[in-house]
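K.L.:
Okay, handing you the structure first.
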Amino acid sequence: MRKVRGRKRPYLAQYYAMYSSLWDGIVTDPALMMVPADDHVVHRGDGVFETCKCERGSIYNLQAHLKRLTHSARPLGYRLPWSAAGITRRTVAAIRAGGHKDCLVRILISRGPGSLDVNPYACDGPQLYITISALKRPFMELHPGGARAGASAIPVKEPFYAGIKNCNYLPNVLMKKEAVDRNLDFMAGFDGRGFLTEGATENFGIVSRRKELLFPRLKGILRGTTMMRVARLAGRLIRSGDLRGARFCDISRKAMREASEILVVGTTCDVVAVCKWEGRPVGNGRPGPAACALNALLVEDIRNNRSLQTPVW
């Protein structure tokens with residue numbers, strides 16, 4: 001332990017707390033934030049997770065994340081011993097232990113330890129890990145000029161796996177590597193038919209020349225909590241006449257090239273305006289009005305919609 005604690009790394013300061021069901025307790029020493037090597041999530045990627053954020057002492061849209069967590073666990077055959085209220089209680093306690101009102105929350109449920117075999121029935125039973133870490137500022141605050149994005153060459157997940165937020169994230173990792181290698185901020189996937197799917201950790205959408213907000217069909221992508229919330233908030237822009245509609249449909253590469261605006265939405269990035277697509281300007285090359293308006297509506301929702309807030313303090 002002296003050796004572990006002596007190996008100071010700058011990134012360790014970003015780790016505030018971790019809950020583990022293995023001991024039903026919370027640690028705040030990063031040296032103790034560990035998962036057993038024989039947990040199925042480590043050597044098989046056999047786990048599901050959710051990432052949400054706490055701002056100003058309240059967790060945003062937690063119940064939507066917990067609902068999707070349960071949805072992800074069901075087809076994998078997990079028998080969860082924790083209720084949504086139980087996970088909420090442990091999450092709140094972990095955030096309090098971390099001592100930061102603004103933080104990132106990752107809730108992970110694994111198949112559990114007990115075997116290095118591929119057989120899921122050899123495991124001891126599901127385990128719950130909750131990590132609390134530093135929350136980065138939203139993308140547009142750091143990059144007010146907008147984002148650069150491109151089409152990914154990484155094969156997309158089959159619809160069954162895409163709809164489960166599972167811990168097998170190798171395609172996502174390779175998409176992010178691709179973005180960094182190409183000096184881009186985000187990559188968008190396309191299926192075998194040539195239609196838009198999703199990014200490495202976020203959803204994509206466009207505003208067409210007819211002023212419609214379009215997101216990909218839900219069948220082949222993860223049902224993003226932020227995407228669904230933004231689609232609902234778009235109703236205000238439809239009523240004001242700033243948008244003519246919002247729907248989920250097939251979005252081709254041609255539609256991406258011809259879009260008035262391209263948007264990226266996600267838990268940590270909020271709403272991002274893509275100003276360059278495959279090296280070419282989107283619209284006038286500056287953040288578009290719909291992206292800016294939707295981002296403002298989302299930020300207001302995060303800060304002021306008490307019905308979607310879970311107070312920590």
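K.L.:
For the range 195-313, which fully contained strands (runs of 3 or more DSSP E) count at least 3 residues that are farther than 16 Å from C52 by Cβ? Let's see the steps before the verdict.
P.N.:
On the way: elements: 203-207, 212-215, 245-248, 261-266, 270-277, 309-311.
So the answer is 203-207, 212-215, 245-248, 261-266, 270-277.
K.L.:
Out of all the residues in the range 129-152, which are more than 24 Å from G283 (Cα to Cα) and among the aliphatic types (A, V, I, L, M)?
P.N.:
To start, the set of residues in the range 129-152 that are more than 24 Å from G283 (Cα to Cα) comprises 129-137.
Those that are more than 24 Å from G283 (Cα to Cα) and among the aliphatic types (A, V, I, L, M): I130, I132, A134, L135.
K.L.:
Name every residue in the range 197-221 that is more than 25 Å from K276 (Cβ to Cβ) and modelled with pLDDT of 95 or more, in order of residue number. Before the answer, list the steps.
P.N.:
Of the range 197-221, the ones more than 25 Å from K276 (Cβ to Cβ) are 217-220.
Within the range 197-221, R217, L218 qualify.
K.L.:
Turning to a different aspect of this structure: Which condition number does P159 fail, the rest of (1) modelled with pLDDT of 95 or more; (2) in the same structural domain as G220 (by TED's automatic domain parsing); (3) not aromatic (F, W, Y) being met?
P.N.:
Evaluating P159 over (1) modelled with pLDDT of 95 or more; (2) in the same structural domain as G220 (by TED's automatic domain parsing); (3) not aromatic (F, W, Y) leaves (1) as the failure.
Every residue, every condition in (1) touching a Ser or Thr at 6+ places or on another chain (Cβ under 9 Å); (2) surrounded by fewer than 18 Cβ atoms within 10 Å (Cβ to Cβ); (3) in contact (Cβ under 8 Å) with a residue 24 or more places away in the chain, yes or no:
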{"site": "D270", "(1), (2), (3)": "yes, no, yes"}
{"site": "C275", "(1), (2), (3)": "no, no, yes"}
{"site": "N284", "(1), (2), (3)": "no, yes, no"}
{"site": "P287", "(1), (2), (3)": "no, no, yes"}
{"site": "L294", "(1), (2), (3)": "no, no, yes"}
{"site": "D301", "(1), (2), (3)": "no, no, yes"}
{"site": "N304", "(1), (2), (3)": "no, yes, no"}
{"site": "W313", "(1), (2), (3)": "yes, yes, yes"}
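K.L.:
Further, regarding this structure: Looking at the range 178-218, which of its residues are among the hydroxyl-bearing types (S, T, Y) and under 21 Å from the mean Cα position of the chain (by Cα)?
P.N.:
T197, T201
K.L.:
Another question about this same structure. Somewhere in the range 155-164, is a residue part of a loop (DSSP other than H, G, I, E, B), in contact (Cβ under 8 Å) with a residue 24 or more places away in the chain and more than 30 Å from V42 (Cβ to Cβ)?
P.N.:
no
K.L.:
Could I ask something else about it? Kindly list, by first and then second residue, each pair from a residue in the range 204-222 that is in the same structural domain as M187 (by TED's automatic domain parsing) to a residue that is of a type in the set (S, T, Y), limited to pairs with Cβ atoms under 7 Å and residues at least 6 apart or on different chains.
P.N.:
From residues that are in the same structural domain as M187 (by TED's automatic domain parsing), the pairs are V207/S260; S208/S260; R209/S260; L214/S208; P216/T197; G220/T197; I221/T197.
K.L.:
Could you go through the range 226-242 and let me know if any residue there is in contact with a strand residue (DSSP E or B) (Cβ under 7 Å, 6 or more places away or on another chain) and basic (K, R). Spell out the reasoning first.
P.N.:
First pass over the range 226-242, keeping only residues in contact with a strand residue (DSSP E or B) (Cβ under 7 Å, 6 or more places away or on another chain): 226-227, 230-231, 234, 238.
Then drop every residue that is not basic (K, R), which leaves none.
Checking the range 226-242: not a single residue is in contact with a strand residue (DSSP E or B) (Cβ under 7 Å, 6 or more places away or on another chain) and basic (K, R).
The values are calculated or read from the model by the stated rules, or taken from the named source; none is laboratory data. The structure presented is a predicted model; accordingly, all values stated were derived computationally and were not measured. Cβ coordinates were reconstructed from backbone atoms using ideal geometry, including for glycine residues, and neighbour counts include every protein chain displayed.
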